[in-house]
Amino acid sequence: MQHKATLPPWCLTGLVIGACSLPLVLLATQLARGQLGPDPAERLMQDTGEWALRGLALVLLASPLARAGWRGVFRYRRILGVSVFLYVSLHLLLFAQVYVGWSGALLIEELKERPYVLVGFSAWLSLLPLALTSTDSARRRLGRRWRQLHRLIYPATLLAWLHLLWLARSDVGEAVVYGLIFAVLLGWRLRRYRQRAR
Amino acid sequence: MTKRIYTDPSIASSDITPESVFLNRRAFIKASSGTAASALGISTALSSAGEPSGLIYKDAPDESLRAEQTPYDAVTTYNNFYEFGTDKSDPARHAHSMTTDPWTIKVGGLVDQPGELHLEDVMSGFDLEERIYRFRCVEAWSMVVPWIGFPLSALLKRFAPRAEGRFVEFKTLYRRSEMRGTRSFTSVIDWPYREGLRLDEAMHPLTLMAVGLYGKTLPNQNGAPLRLVVPWKYGFKSIKSIVEINVTAEQPETSWQTLQPSEYGFYANVNPEVDHPRWSQRFERKLPSSIFKPNRVPTLPFNGYQEQVAGLYEGMDLRQFY
């Protein structure tokens, strides 16, 4: 009998977990070595935010890949999704620590007066229930409603992108690139949805 | 020769060391370190290699911020100079491509003697002095920088501004081949970078033309060979690598104000009471900052220079003219 030349799933799982932690490990190392410059908070805010956006794009890529034939992809989507939530949470923690200094009054003022903060916070809020229901048991318990709930990924994506766009000062290049990527990934779903509705 | 020297508002005159004592102490230090110019209170800068960098300057008239100076590495690796990219580390990585010698500054507009200044005229034609200033960026971080330079007023007087001149306009070098940031397709800045001051702001003794920092000539990323430093205004007013100066009757169009008038005003005086629409200006991260000790400090009106400059804006609503 011939063996198929594929890696066992646990091996790939380890690889995906490793890949998801890599940016964090690198950033932590650079931070510990003082290689993030005189304002490490700014670098960390930027990098955690960007890795979250990249992860989000990969999460959204899972369905098209499954459709193209790689059914096993969903096994790894969860790891990716939880990682995205962790990077966004880190991003938020840094904001609380460095930019508002854990002052409740200042946080409320930032949320009220600065739309990009509110938009970013809403993105985190929409990801929160997804992270909380990422276990097998939660998925079983919720049944059909799990899929409905997890459609929150779409508003979260739009909010995250709006957050990025709103932060651009003079160069919108990055926001345009992510915008195109998300437009393709969400557009693919919209097309499928219309085809099925017909 | 009498010179108008600025003072720091946080020091009472009773705290100031008498000049004789100060000079004696300094002479002693300099003599023991073998510097010939010591008795004159003049410093000869040494570069890291120990070679004189050519800058001869008078010591800072006010030393009160000396202990708070931001480390040289931070000052020269964390910069906003969008001509070389929008990331803080881009200027230090890419600004070396800018040719700063030869360099010509065109001075014109409403002046009686329009003309040009060459790099040599700038470096040898003015009495250089050190000024240790707070530097507050509109992005809510700050530094303390020991600049070397001369008052802008000294430069302007040479070209004899006319009575009808009320503003001064500045332009940064725009050379696409040497400035990769200006070649970005998605940048919305209309190059060259432009800034401006009211003539009385420009003539104020605190307003400095800097040619160096930390005793050395300016690194390219910090605006070599010649930049403006207006310590009571947000950093974007302190335009870098200047090639043109014009005295005008009308308020000049400035880059950030043109781009986003609701966020960046012409005056751009540091003001904790007027927020940037996207973030608060009440606090600043005094760099170097860290995650666990962010070094957040309250921002001071006019960046701590209220006593010297508030008079320039008497009767003006600073919320309207931000």
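Taken together, B:313, B:322, B:264 contain a single residue that is more than 11 Å from every other protein chain (Cβ to nearest Cβ), touching a residue at least 12 places away in the same chain (Cβ under 8 Å), surrounded by 19 or more Cβ atoms within 10 Å (Cβ to Cβ) and closer than 30 Å to residue B:111 by Cβ, which is B:322. Here residue B:126 meets each of (1) surrounded by fewer than 21 Cβ atoms within 10 Å (Cβ to Cβ); (2) within 14 Å of chain A (Cβ to nearest Cβ); (3) within 25 Å of residue B:65 (Cβ to Cβ) with one exception, condition (2).
I need the helices (runs of 4 or more DSSP H) fully contained in region A:75-179, keeping only those with at least 2 residues that are more than 14 Å from every other protein chain (Cβ to nearest Cβ) and under 30 Å from residue B:285 (Cβ atoms).
Details: elements: A:104-113, A:115-132, A:136-142, A:144-149, A:153-167.
Because the criterion is at least 2 residues that are more than 14 Å from every other protein chain (Cβ to nearest Cβ) and under 30 Å from residue B:285 (Cβ atoms), the helices (runs of 4 or more DSSP H) in region A:75-179 that meet it are A:115-132, A:153-167.
Residue count for region B:145-195 under the criterion of being over 27 Å from residue B:61 (Cα atoms), among the small types (Gly, Ala, Ser), crowded, with 16+ Cβ neighbours inside 10 Å and away from chain A (no Cβ under 14 Å): the result is 1. The number of residues in region B:275-292 that are outside any loop (DSSP other than H, G, I, E, B) and either in contact with a His (Cβ under 9 Å, 6 or more places away or on another chain) or within 7 Å of another protein chain (Cβ to nearest Cβ) (or both) comes to 2. The set of residues from region A:55-81 being buried (at least 16 other Cβ atoms within 10 Å of the Cβ), closer than 17 Å to residue A:18 by Cα and out of contact with any helix residue (DSSP H, G or I) (no Cβ under 6 Å at 6 or more places or on another chain) comprises just one member, A:78. Can you confirm whether region A:91-103 contains a residue that is surrounded by 20 or more Cβ atoms within 10 Å (Cβ to Cβ), free of Cβ contacts under 8 Å to residues at least 40 places away in the same chain and within 30 Å of residue B:298 (Cβ to Cβ)? Yes, region A:91-103 contains a residue that is surrounded by 20 or more Cβ atoms within 10 Å (Cβ to Cβ), free of Cβ contacts under 8 Å to residues at least 40 places away in the same chain and within 30 Å of residue B:298 (Cβ to Cβ). Just one of the numbered conditions (1) over 21 Å from the mean Cα position of the chain (by Cα); (2) crowded, with 17+ Cβ neighbours inside 10 Å is not true of residue B:282; which one? In the conditions (1) over 21 Å from the mean Cα position of the chain (by Cα); (2) crowded, with 17+ Cβ neighbours inside 10 Å, residue B:282 misses (2) alone. I'd like the residue in region B:164-185 that is among the hydrophobic types (A, V, I, L, M, F, W, C) and in contact (Cβ under 8 Å) with a residue 24 or more places away in the chain and, out of all such residues, is farthest from residue B:221 (Cα to Cα). Once the filter is applied, the top-ranked residue is B:167.
Can you name every residue in region B:61-86 that is surrounded by fewer than 17 Cβ atoms within 10 Å (Cβ to Cβ) and facing chain A (nearest Cβ under 10 Å)? Across region B:61-86, the qualifying residues are B:71, B:73. Flag: residue A:37 does not match the condition of being under 24 Å from residue A:186 (Cα atoms) and either within 14 Å of chain B (Cβ to nearest Cβ) or crowded, with 18+ Cβ neighbours inside 10 Å (or both).
Does residue A:17 qualify as being in contact with a helix residue (DSSP H, G or I) (Cβ under 6 Å, 6 or more places away or on another chain) and of a type outside the set (Ser, Thr, Tyr)? If you could, list the steps in order and put the result at the bottom.
Values: in contact with a helix residue (DSSP H, G or I) (Cβ under 6 Å, 6 or more places away or on another chain): yes; of a type outside the set (Ser, Thr, Tyr): yes.
So residue A:17 fits the description; yes.
Quick note: the coordinates plus some simple rules give every number you see, no bench work behind them. Computed from a prediction, not measured in an experiment: that's the story for all the values here. All Cβ positions, even for glycine, are placed from backbone atoms using ideal geometry, and neighbour counts span all protein chains on display.
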